[in-house]
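Before any comments, here is the structure.
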Amino acid sequence: MTSPTGSFVVVANRLPVDRGDDNAWRTSPGGLVTALEPVLRQHEGVWIGWPGGHLQGYGPFEVQGLSVLPIHISDEEVAYYYDGMSNGTLWPLYHDLVAKPSFRREWWDAYVRVNRKFASAAAESAEQNGVAWIQDYQLQLVPAMLRELRPDLRIGFFLHIPFPPMELFLQLPWRDEILKGLLGADIVGFQRPNGASNFARLVRHRLGHKTHRDRIFVGEREVAARSYPISIDFKQLETLARSVEVQTRAKEIRAELGNPRHVLLGVDRLDYTKGIRQRLRAFGELIVDGRVDLEDVAFVQVASPSRERVGQYQEVRDDIERWVGRINGDLGRIGHPPIHYLHSSYPREEMAALYRAADIMVVTPLADGMNLVAKEFVTCRYDNTGALLLSEFAGAADELKQAFLVNPHDINGLKDSMWRSMQTSPRELSRRMRGMRKQVRDHDIDAWAEAFLRDLAGAELAVDTDARADADANADADEL
Ligand code: GDG
């Protein structure tokens, strides 16, 4: 197949497909893919991305009506651009330094090189006056590189993870290059409003651009920095959750756990940002303190394997598995461990059954752009049952206000909230769940994509002179 072209091009680190043992292509798990696949199908676009190390050598292809253009990255580039700069530098830096970032010049050089590959491929794939939508922290230089090659395009960028406050971002040796890279877009989208304001403050301070509310004036161009909280395909997931197969499997899961009064559930990529240790510790202590009876509870923790070549991820796995072993060893009985720990990936049907089987969903990240798991749980609770414990530091906390909001660093607070969620009446839980379900139903993935793409289509490229005058007037008042 020759290189595909389209008027809508998505550029993301990973392709939305993977090849199973049976050699059939299928959609791969992960927040970004879950989010964008339906949007792309609807727009008949081209998806440009890295197929993953084990799938090198494929040319462009189509899978179920999806045009896919694989970008090839050498083993050294994977180690430097992906494991290194993306996941050893930017990921911890952007997540409030939950782990220590490393700053390595050879990682940065590879990041620049690989971003250029993606930008060139996008420049060749996009039709005249088309739209390119670039995704996430691995590709922050692509907007400016692409603009230089193809000034005719509308370019959008969306950051799926938090954008840090100035004090943290300034540590980055390549801070100005990243800011300039992002400013190549017409719209820079963030999960939360504070991401957008952190960015605007930085471009004022570091690059001296004038800003006015969500608008940034870059020479003759205008760039918007706004929040677009991402969501999920509510209808599709709810339909799956209602299916007979999922309901039967949910009952089976509860029975396999011994039909305890309270099933608690955690679902995460195994990542140090997700606060898995904190939640398991709080749960264990509730049993030790005698506030909760082992017979009454079971905690299921799905930790899907992630970034296993990165040292900090090997450490977090060891740490969590030590905690699971300690808690189960100290508190468990034969056939009745308090924690059921699953280090695997499961099909969507099994995830939906788990969401249906649980009474209390425990989502306790220390920092998280959005957290789709919280929205998925709510979506599956079509009978308005169940409780959601949600970290204040997840983007989802802005929207799911009826959750039991927690500070994951506060173990006593976590214990109290877990306990309280077990004591809350079904009526009160139902009231809370109704509110949260309405929020996700009314703000689903289509609404997210439509809002971003509508703004991008209407993005004014010429400078609005009134706004610039206001920005000039405000500039003196801007503190650093
Ligand atoms: C990033 C940001 C933001 C997990 N295990 C399995 C599985 N999953 C699915 C979940 C969910 C997705 O992966 C995880 O999404 P999250 O949003 O929770 O977290 P990240 O992966 O860190 O995603 C995040 C997101 O991007 C989107 O913008 O919300 O803040 O960090 O959909 O269900 N799916 C299957 N099997 C598993 O074992 N099928």
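The values are calculated or read from the model by the stated rules, or taken from the named source; none is laboratory data. A quick note: this is a predicted structure, and the numbers were derived from the prediction, not measured. Heads up, the Cβs are rebuilt from the backbone with ideal geometry, glycines too, and the neighbour counts pull from every protein chain shown. Side chains are part of the model used for accessible areas, which takes the heavy atoms of the whole protein and leaves out ligands, DNA and RNA. Shrake-Rupley method; radii C 1.70, N 1.55, O 1.52, S 1.80 Å.
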Inset, instruction - Starting from the exponent 0.38 and prefactor 2.2 Å, build the expected Rg for segment 293-335 from its residue count and divide its actual Cα Rg by it. - result: 1.43
Legend entry - Where trypsin sites (Lys or Arg not before Pro) fall in DSSP loop in segment 292-390, at most 14 other Cβ within 10 Å: Arg309
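Subtracting the Cα-Cα distance from 0.36 nm times the residue separation, let me have the gained length for Gln42 to Asp176 in nm, one decimal.
44.6 nm
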Legend entry - For segment 234-443, the Rg and Dmax computed from alpha carbons only, in angstrom: 16.0, 46
Legend entry - Length gained when the stretch Arg333-Glu308 is fully extended (0.36 nm per residue, less Cα-Cα span): 5.8 nm
Legend entry - Near-label residues of segment 413-431 by backbone N, under 14 Å of a point 7 Å along Cα→Cβ of Leu294: none
Inset, instruction - Have a look at Leu456, Gln314, Leu286 and report the one farthest towards the positive end of the charge dipole of the chain, computed about the Cα centre with Cβ charges (Lys/Arg +1, Asp/Glu -1). - result: Leu286
Legend entry - Spatial separation of Cα centroids for segment 88-147 and segment 162-180, in angstrom: 14
Inset, instruction - Provide Rg over Rh for the chain; use the alpha carbon set for both Rg and the Kirkwood Rh (inverse mean inverse pair distance). - result: 0.98
Legend entry - Calculated diffusion of segment 350-405, Stokes-Einstein form, Kirkwood radius summed over Cα pairs, 10 °C and 1.306 mPa s, µm²/s: 142
Inset, instruction - Kindly provide the helix-only [θ] at 222 nm of the chain, computed as the sum of -39,500 (n - 2.57) over DSSP H runs of four or more divided by all residues, to the nearest 500 deg cm²/dmol? - result: -13000 deg cm²/dmol
Inset, instruction - Given a cut-off of 32 Å, name the pairs among Lys375/Lys415; Lys180/Lys235; Lys100/Lys415; Lys100/Lys375; Lys117/Lys401 whose C-alpha atoms lie farther apart than that in the structure shown. - result: Lys180/Lys235; Lys117/Lys401
Legend entry - Crossing angle, helix 244-256 versus the chain [Cα axis fit, 0-90 degrees, rounded to tens]: 50
Inset, instruction - Take the solvent-accessible surface of the protein heavy atoms, probe 1.4 Å, and return the percent of it on the chain that carbon and sulfur atoms account for. - result: 47
Inset, instruction - On a 0 to 90° scale, report how tilted helix 348-357 is relative to the longest principal axis of the chain, with both axes built from alpha carbons and the result rounded to the nearest 10. - result: 50
Legend entry - Amide hydrogen neighbours beyond the local backbone of Lys274, cut-off 5 Å, H modeled: Leu366
Inset, instruction - Whole number in Å², please: accessible area per residue of segment 234-443, 1.4 Å probe, ligands, DNA and RNA not counted. - result: 43
Legend entry - Inter-label distance for Tyr346 and Arg116, nm, one decimal - labels placed 7 Å from Cα along Cα-to-Cβ: 4.6
Legend entry - Sparse-neighbourhood loop sites, trypsin sites (Lys or Arg not before Pro) in segment 261-304 - DSSP loop, at most 16 other Cβ within 10 angstrom: Arg261, Arg291
Legend entry - C-alpha long axis of helix 426-442 to longest principal axis of the chain, angle in °: 20
Inset, instruction - Along Cα→Cβ, 7 Å out, is where each label goes; now give me the distance between the ones at Thr424 and Glu124 in nm to one decimal. - result: 5.3
Legend entry - Alpha-carbon centroids, segment 377-399 and segment 198-253: separation in whole Å: 17
